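Structure first, commentary second.
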Amino acid sequence: GENVEQHPSTLSVQEGDSAVIKCTYSDSASNYFPWYKQELGKRPQLIIDIRSNVGEKKDQRIAVTLNKTAKHFSLHITETQPEDSAVYFCAAGTYKYIFGTGTRLKVLA
Amino acid sequence: EAGVAQSPRYKIIEKRQSVAFWCNPISGHATLYWYQQILGQGPKLLIQFQNNGVVDDSQLPKDRFSAERLKGVDSTLKIQPAKLEDSAVYLCASSLEQINEQFFGPGTRLTVL
């Protein structure tokens, strides 16, 4: 069945460093790849998304890259700050999403 | 704009009891989703509605779970009878179109004892 794998499951970085989270997907028909941030006890919120006709998208400190041939996409956060600490979920899909298993990011002050 | 509303926020029941959750999506959003999020995991889609029609319910345990979206607006998700493994947060989300940003509600935390 359709599957989205996400790595790493936990990631600790020093404040100011960069963080990279990677996802691979199995359904080659997937054409939409959102990333959600979920703080403890709160609802997931979209932070950035990319569609299959684009290879890279950037929004301030956050960027996402997509490699459709390899069926993987990555989230890059630069100049990390303590408020970036949260669980990040990737997702992939067509008319519906499959979510990854999540990455707990800790930014150490 | 008002966000996705869900109630109740918390529910504790014993196994074999029944429970119902309610969701009110963002006004004008045609697509509504119910997800199950078990602690430490990503949201798992249970059912997806487009207006009041079911688009996908392949992951819904139909022997115990049911959902409806009357008049294409509010939706209810029911579990009957509940099992211990149903303990999770149930998230409702809505989007303007099917493959677009989903806006999540605050969720209902269900504990089955």
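The values are calculated or read from the model by the stated rules, or taken from the named source; none is laboratory data. Quantities reported herein were computed from a predicted structural model and do not represent experimental measurements. Here Cβ is always computed from backbone atoms with ideal geometry, including for glycine, and neighbour counts include all displayed protein chains. For accessibility, only protein heavy atoms count, side chains too; no ligands or nucleic acids. Shrake-Rupley method; radii C 1.70, N 1.55, O 1.52, S 1.80 Å.
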Could you please tell me which pairs satisfy a Cβ distance under 8 Å, a separation of 6+ or placement on different chains, a first residue in the range A:28-47 that is free of Cβ contacts under 8 Å to residues at least 40 places away in the same chain, and a second residue that is in a loop (DSSP other than H, G, I, E, B)?
-> A:K42/B:P106; A:R43/B:G105; A:R43/B:P106; A:R43/B:G107; A:L46/B:E101; A:L46/B:Q102
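Mind checking which residues of the range B:96-110 are under 15 Å from the mean Cα position of the chain (by Cα) and not small (G, A, S)?
Across the range B:96-110, the qualifying residues are B:Q102, B:F103, B:F104, B:P106, B:T108, B:R109, B:L110.
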Is there a residue in the range B:75-82 that is open to solvent by less than 60 Å² (accessible area, probe 1.4 Å), in contact (Cβ under 8 Å) with a residue 12 or more places away in the chain and basic (K, R)?
-> no
Among residues of the range A:61-78 being closer than 15 Å to A:I47 by Cβ and of a type in the set (S, T, Y), the residue surrounded by the fewest Cβ atoms within 10 Å (Cβ to Cβ) is A:T78
For residues that are in a loop (DSSP other than H, G, I, E, B) and out of contact with any helix residue (DSSP H, G or I) (no Cβ under 7 Å at 6 or more places or on another chain), tally how many sit in the range A:61-109.
-> 16
Looking at (1) over 23 Å from A:Y95 (Cα atoms); (2) within 12 Å of chain A (Cβ to nearest Cβ), find the lone condition where B:Q41 falls short.
-> (1)
Listed residues B:S95, B:S58; which is in contact with a His (Cβ under 9 Å, 6 or more places away or on another chain) and either open to solvent by less than 40 Å² (accessible area, probe 1.4 Å) or more than 8 Å from every other protein chain (Cβ to nearest Cβ) (or both)?
-> B:S95
Those residues that are over 16 Å from the mean Cα position of the chain (by Cα) and either within 9 Å of chain B (Cβ to nearest Cβ) or without any contact (Cβ under 8 Å) to a residue 60 or more places away in the chain (or both), I need them from the range A:84-109; list them, please.
-> A:T94, A:Y95, A:K96
Please determine, by comparing only the residues of the range B:1-36 that are of a type in the set (S, T, N, Q) and more than 28 Å from A:T10 (Cα to Cα), which one is surrounded by the most Cβ atoms within 10 Å (Cβ to Cβ).
-> B:Q6
Test result for B:L39, at pLDDT 95 or above and either crowded, with 18+ Cβ neighbours inside 10 Å or hydrophobic (A, V, I, L, M, F, W, C) (or both) | no
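When only residues in the range A:1-16 that are outside any loop (DSSP other than H, G, I, E, B) and of a type outside the set (D, E) count, which is farthest from the other protein chains (Cβ to nearest Cβ)? Please lay out each step first, then the result.
Here is the first cut: in the range A:1-16, the residues outside any loop (DSSP other than H, G, I, E, B) are A:4-7, A:10-14.
After this cut, where a residue has to be of a type outside the set (D, E) as well, the list is A:4, A:6-7, A:10-14.
On the way: A:V4: 8, A:Q6: 8, A:H7: 13, A:T10: 11, A:L11: 15, A:S12: 17, A:V13: 21, A:Q14: 25 Å.
Per the stated criteria, the residue is A:Q14.
Answer with yes or no whether A:K96 is within 28 Å of B:W34 (Cα to Cα) and open to solvent by 60 Å² or more (accessible area, probe 1.4 Å).
Details: within 28 Å of B:W34 (Cα to Cα): yes; open to solvent by 60 Å² or more (accessible area, probe 1.4 Å): no.
For A:K96, the condition - within 28 Å of B:W34 (Cα to Cα) and open to solvent by 60 Å² or more (accessible area, probe 1.4 Å) - is not met.
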Quick count over the range A:28-46, residues being within 17 Å of the chain's Cα centre (by Cα) and either surrounded by 15 or more Cβ atoms within 10 Å (Cβ to Cβ) or over 17 Å from A:V107 (Cβ atoms) (or both), is 13
